[in-house]
Amino acid sequence: MIVAERKPLAEIRGFVDDYRRILILGCGTCATVCLAGGEAEVKVVAAGLRISFLRDEKEVEILEDCVTRQCEPEFVADLPRKVQDEGVGAVVSLGCGVGVNFLAQTLETVPVFPGVNTEFFGAAVEPGVWLEMCAGCGNCILHLTGGICPIARCSKSILNGPCGGSRDGKCEINPEVECGWALIVERMKKLGTLDRLAEILPPRDWSTSHHGGPRKVIHPEAAPAAIGQGKAEQ
Amino acid sequence: MKSGSNLERVLRAGHFAVTVEIGPPMDCNASVVTEKARMLRGIADAFNITDNQTAVVRMSSIASCVLIMEEGLEPVMQMTCRDRNRLAIQSDILGACALGIRNCLCIAGDHQSFGAAGRLKGHPGAKNVYDVDSIQLVSILEGLRDKGCQQGGDPVEMRPPLLIGAAWTPLGDPIEIRPLRLKKKVEAGADFIQTQGVYDVARFAHQMELVRNMGLHERTAILAGIIVPRSLAMLKYMNSSVAGVSVPDSLMDRMAEAKESAGKDKKQARRNQEEEGARIAVELIQQAREVPGVKGVHIQAIEWEGSVPEIVDTAGLLPRPTFPQEGEGDDFDGEDPGS
C-alpha cells in the first residue's frame, strides 16, 4: 500500500492561516491503514487546528470528513457541491499525494493542501512500522531476485549486487538500513537458486519508470475507448 | 594490446604491478595534483585518480588525469556510477580517450550520504544516478572498445582503447557471493581488478583460493589493495566502519604499542604510528605478493601520498619496469586496439 506520515501541525496551520472555513478530509484506504490520514487522524488534526487558531484568537470553523478513497471519482463526486454549500475556503487532504492531486482537479477553484507526506509503497512489517518494498518502476524483475526488489531495497538500486558496502546484512548508508542484496542472497540461498545470480543483468530500460515521463495504464477491456488517446502501458 | 597503456604492458610482461592512488583536491588548484605527481613519479606503473571519493566534490577525475599525464605519469581514471547516467558516462569515456587516458576503473561509488564518513558535509541531499551499476559499466566500456557499439546500439567508429578495471571487495558481506561477483566483473570484461584494502591476508588468501579454483586469476589481473595505516584511530575506524575491511588484532596491537611507547609525547606518538604503519604496509605488500594469483598491488595512502615512495622502495618494488615508447619499440604487438 501507499505509506504516508502526517505533516507537523504547525506546517499545516501555515497553509491555512488565511482561511476561515477549512475542511479536513481523510481517506479511508491507504492513509487510514498507515495511521496517517483516516477518520481518527482527521479528528486529531481538526482538534489541533482549532486549539491553534483559538490561541491566536482567530475565529475559524474546522469541518471534518472522510471519504472511502480520494483517488476515485465516485467517492468524491459530491465534494464540489458540499464545499460550495458549506462555504469551505480551503481543504486539507489527509490522503496521499494522489488524493491531493485528484481533489485539486475535482475542486477547481478551492485550494487543497497536503496534510501528510507521501512516503512510499510498503508493507506493515510490524504494528506501526512500514518498510519500502516497491519502487513502482513499471517492469517487475522480482522473478530474478527471489521476490525481493533491488530497485526499492538497495540504496543504489543496482541490479548486480551487492556492492562492497554490504556489512553484516546492513547497508553502508546506515546500520539501521537492511542491505537489499544481502536479503536477496539469503533468500536465494534458501530457495537453492543462488547460482542464478551468476547471470549479468544488463543495463535496464528505465523508460517504464517515472524516468520515461508520467505514466498511464489503460485496461483494454475496462476502457477500450481510452486506447489510443495516450500512450498505453502494456 | 587492448589499450597500449603502461599498466597493460607491465601486466602482459608478467611484472608484479604497482598502482598508487592520488586524491584530487576539493578546489581548482592544479598545483596540488602536479605536486603529488612529482612526488610519486616513477614509483608506480599507473596512478588511480579518484572520482569524488567518499561522495565529496573534488576536482574531476578526467581533469586530474590530464594534469598528471602532463607530469609524465600514467593515470587510471576512476569512474563512479553515482554521478552520471549512461549518456554522461559514455561521453566522458570518449572524451577521456581523446585526451589520451588509457585505463579506467569502474566502480559504483560510495552513496551520497557518506560525505567523507561525516568528517565533511558532502552533499547528502543530492540525487544519485546509478542508472547502471559497476558491472554494467564494465560491460558498456567493453562494448565501446571491443564491439564498437554504444550501450544504446549506435556505432562507435573510433573505438576507445581502454584497459578496463573493476573493484573487488574480497571480504565483504555476504562473503559467499564475493567470488561470484568477481566472476561477473570478469565476464563483463574487466581486464584488471583492484581490491578493497586487505589487512587480513589469511582470509584474503582463502578467497583467492576460491577465485583460483574458478580460474578467474588467469582471466583478469588481480591487484591486492593496500591501505597504508597512519594511526591506531584510522585502523580502528576502518575495522569498525568500512565495509569489507577487517583488521586482525595483531596489527591493532602493534599500532597501539607504537602509540603508547611514546608516552605523553603526542608528536612522537604520531611519528611512531606513522613509522609502524609504513612497516605494516610493506609487510602487507610482501604477504599479498606471496598469495598465488595476485598480480600486483594497489596502494592507497589517503591524504598521505608522501609515504608511498619509501614503502614501495622498502618493499623491493623499485625501479619500475620501463618500455620503449609506442612505435619505436618492439613490445607493442601492433594489434588493433579494438581487436
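The values are calculated or read from the model by the stated rules, or taken from the named source; none is laboratory data. Everything numeric here is computed off the predicted structure, so don't read it as measured data. We place every Cβ from the backbone using ideal geometry, glycine too, and count neighbours over all the protein chains shown.
Quick notes on this one:
- Number of positions in segment B:38-50 that are within 13 Å of B:VAL76 (Cα to Cα) and either touching a helix residue (DSSP H, G or I) at 6+ places or on another chain (Cβ under 8 Å) or surrounded by fewer than 21 Cβ atoms within 10 Å (Cβ to Cβ) (or both): 6
- Residue check for B:SER60: more than 27 Å from B:HIS217 (Cβ to Cβ), more than 14 Å from chain A (Cβ to nearest Cβ) and of a type in the set (S, T, N, Q): yes
- Residue in segment B:84-94 that is in a loop (DSSP other than H, G, I, E, B) and hydrophobic (A, V, I, L, M, F, W, C) present: no
- Answer residue from segment B:284-314, given it is among the charged types (D, E, K, R) and farther than 21 Å from B:HIS15 by Cβ and is modelled with the lowest pLDDT among those: B:GLU303
- Of all residues making up segment A:196-234, the number that are part of a loop (DSSP other than H, G, I, E, B) and either modelled with pLDDT of 90 or more or β-branched (Val, Ile, Thr) (or both): 18
- Among residues of segment B:139-168 being part of a helix (DSSP H, G or I) and within 9 Å of chain A (Cβ to nearest Cβ), the one that is nearest to B:ILE193 (Cα to Cα) is B:SER139.
- Per the conditions (1) away from chain A (no Cβ under 14 Å); (2) part of a strand (DSSP E or B), the sole criterion not satisfied by B:LYS121 is (2).
- Filtered residues of segment B:231-285 (kept if more than 15 Å from B:VAL201 (Cα to Cα), within 14 Å of chain A (Cβ to nearest Cβ) and of a type outside the set (Gly, Ala, Ser)): B:TYR237, B:MET238, B:VAL242
- Of the residues B:ALA63, B:ALA17, B:ALA30, B:ALA37, the single one that is under 12 Å from B:GLU305 (Cα atoms), modelled with pLDDT of 95 or more and not acidic (Asp, Glu) is B:ALA37.
- Among residues of segment B:176-200 being more than 10 Å from every other protein chain (Cβ to nearest Cβ) and of a type in the set (A, V, I, L, M, F, W, C), the one that is nearest to A:ASP168 (Cα to Cα) is B:VAL198.
- Against the criterion of being away from chain A (no Cβ under 14 Å), in contact with a Leu (Cβ under 7 Å, 6 or more places away or on another chain), more than 23 Å from B:MET1 (Cα to Cα) and not in a loop (DSSP other than H, G, I, E, B), B:ARG203 qualifies.
- Contact annotation: residue pairs with Cβ atoms under 6 Å, 6 or more positions apart or on different chains, pairing a residue in segment A:175-186 that is more than 9 Å from chain B (Cβ to nearest Cβ) with a partner that is surrounded by 24 or more Cβ atoms within 10 Å (Cβ to Cβ) and hydrophobic (A, V, I, L, M, F, W, C), are A:VAL177/A:CYS171; A:GLY180/A:CYS154.
- Flag for A:PRO175 being part of a loop (DSSP other than H, G, I, E, B) and over 21 Å from the mean Cα position of the chain (by Cα): no
- Residue ranges of helices (runs of 4 or more DSSP H) in segment A:22-141 with at least 3 members of a type in the set (A, V, I, L, M, F, W, C): A:30-33, A:39-55, A:97-107
- Filtered residues of segment A:68-101 (kept if buried (at least 22 other Cβ atoms within 10 Å of the Cβ) and under 20 Å from the mean Cα position of the chain (by Cα)): A:GLN70, A:VAL76, A:VAL91, A:VAL92, A:SER93, A:LEU94, A:GLY95, A:CYS96, A:GLY99, A:VAL100
- The residue list A:LEU197, A:LEU144 contains one member that is farther than 26 Å from A:VAL98 by Cβ, surrounded by 12 or more Cβ atoms within 10 Å (Cβ to Cβ), within 13 Å of chain B (Cβ to nearest Cβ) and of a type in the set (A, V, I, L, M), which is A:LEU197.
- Boolean, A:GLY165 is crowded, with 22+ Cβ neighbours inside 10 Å and within 7 Å of chain B (Cβ to nearest Cβ): yes
- Residue within segment A:200-222 that is surrounded by fewer than 17 Cβ atoms within 10 Å (Cβ to Cβ), farther than 28 Å from B:ALA108 by Cα and in contact (Cβ under 8 Å) with a residue 24 or more places away in the chain present: yes
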